[in-house]
Amino acid sequence: MPMTIRRRDDHAEMPWRNGGGTTLEVARSPEGSDDEFDWRLSFAHVEGNGPFSVFPGVDRVLVLVEGEEMRLKLHDDEEHTLRSCEAFAFAGESEVTCEVPAPTWDLNVMTRRGAAAAVVRCQNPATGRLDVVAPDGGTLIVAALTGRPEVRVGERSATLEPFDVVLTDDASDIVNVDGEGVVAIVTIETPGTGELRS
């Protein structure tokens, strides 16, 4: 796929697996696979305290996009306070409950263990232009979290608003990210693109 831009209004709204909230699904692979996927990226709306859905065999990364904080409690008594534009990874089979002082939105990256793996990093291009590429055979996703960052691939350019996303699986595309605002750089690796992270 060449560089594709998906705006917030393009994302499909759907309920959580446990019915406790809603999510805006941005992309999944393979497409149209219902509840089965190798990887999936969405923005989840957390309206109040409660449990997360359980996804056995799936690795998850959350990034808080809107909201003051999110307090996570995992089944092994681990606790973590997620703050704005911070990434947190955990196993999808973990029983996780969250507490939020007010409704939040988070970026949710899920990869099926053994089929795909994700690296998520949050950066502000105001500190220096970012040049990123997709791994061979994998996918690169640039998700706007705050501000109005600008992306360019060759002669194509676009200004992103929060929740807008750029995707490409063409390793020859050099995606330049500039301007103000925090972006999440998500790299999805699949077998053959390198050693999958466990």
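The values are calculated or read from the model by the stated rules, or taken from the named source; none is laboratory data. It should be emphasised that the depicted structure is a prediction, and the values quoted were computed from it without experimental measurement. Every residue, glycine as well, gets a Cβ built from its backbone with ideal geometry; the counts of neighbours run over all protein chains shown.
Which of the residues belonging to the range 98-107 are touching a strand residue (DSSP E or B) at 6+ places or on another chain (Cβ under 6 Å), among the aliphatic types (A, V, I, L, M) and either under 20 Å from Glu25 (Cα atoms) or surrounded by fewer than 18 Cβ atoms within 10 Å (Cβ to Cβ) (or both)?
Within the range 98-107, Leu107 is the sole residue that qualifies.
Taking into account only those residues within the range 23-45 that are more than 15 Å from the chain's Cα centre (by Cα) and of a type outside the set (Gly, Ala, Ser), which is modelled with the lowest pLDDT?
Filtering first and then ranking leaves Asp34.
Please pick out the residue among Leu82, Leu62, Leu74 that is under 21 Å from Thr190 (Cα atoms) and either out of contact with any His (no Cβ under 7 Å at 6 or more places or on another chain) or at pLDDT below 90 (or both).
Leu62
Right, Glu86: over 23 Å from Ser29 (Cβ atoms), of a type outside the set (A, V, I, L, M, F, W, C), surrounded by fewer than 16 Cβ atoms within 10 Å (Cβ to Cβ) and within 18 Å of the chain's Cα centre (by Cα) or not?
Judged against the criteria, Glu86 is a match.
Which of the residues spanning the range 75-85 are on the phi > 0 side of the Ramachandran plot and outside any loop (DSSP other than H, G, I, E, B)?
Scanning the range 75-85 gives no hits.
Looking only at the range 171-187, how many residues end up being farther than 12 Å from Val153 by Cβ, out of contact with any Asp or Glu (no Cβ under 7 Å at 6 or more places or on another chain) and not acidic (Asp, Glu)?
Number of matching residues: 7.
So for the range 86-97 (the condition being in contact with a strand residue (DSSP E or B) (Cβ under 9 Å, 6 or more places away or on another chain), touching a residue at least 60 places away in the same chain (Cβ under 8 Å) and part of a strand (DSSP E or B)), does at least one residue qualify?
Yes, there is a match, as at least one residue in the range 86-97 is in contact with a strand residue (DSSP E or B) (Cβ under 9 Å, 6 or more places away or on another chain), touching a residue at least 60 places away in the same chain (Cβ under 8 Å) and part of a strand (DSSP E or B).
Residues Thr127, Thr187, Thr146, Thr159: which one is surrounded by fewer than 18 Cβ atoms within 10 Å (Cβ to Cβ) and either of a type in the set (A, V, I, L, M) or in contact with a Lys or Arg (Cβ under 9 Å, 6 or more places away or on another chain) (or both)?
Thr159
Quick grid of which residues meet (1) modelled with pLDDT under 95; (2) touching a Gly at 6+ places or on another chain (Cβ under 9 Å):
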| residue | (1), (2) |
| --- | --- |
| Arg112 | no, yes |
| Val119 | no, no |
| Val142 | no, no |
| Leu145 | no, yes |
| Arg156 | yes, no |
| Val183 | no, yes |
| Ile188 | no, yes |
| Leu196 | yes, yes |
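Here is a list: Thr81, Thr22. Which entry is of a type in the set (Ser, Thr, Tyr) and closer than 26 Å to Ala115 by Cα?
Thr22
Give the residues of the range 1-17 that are in contact with a Leu (Cβ under 6 Å, 6 or more places away or on another chain), in contact (Cβ under 8 Å) with a residue 24 or more places away in the chain and not in a loop (DSSP other than H, G, I, E, B), sorted by residue number.
Thr4
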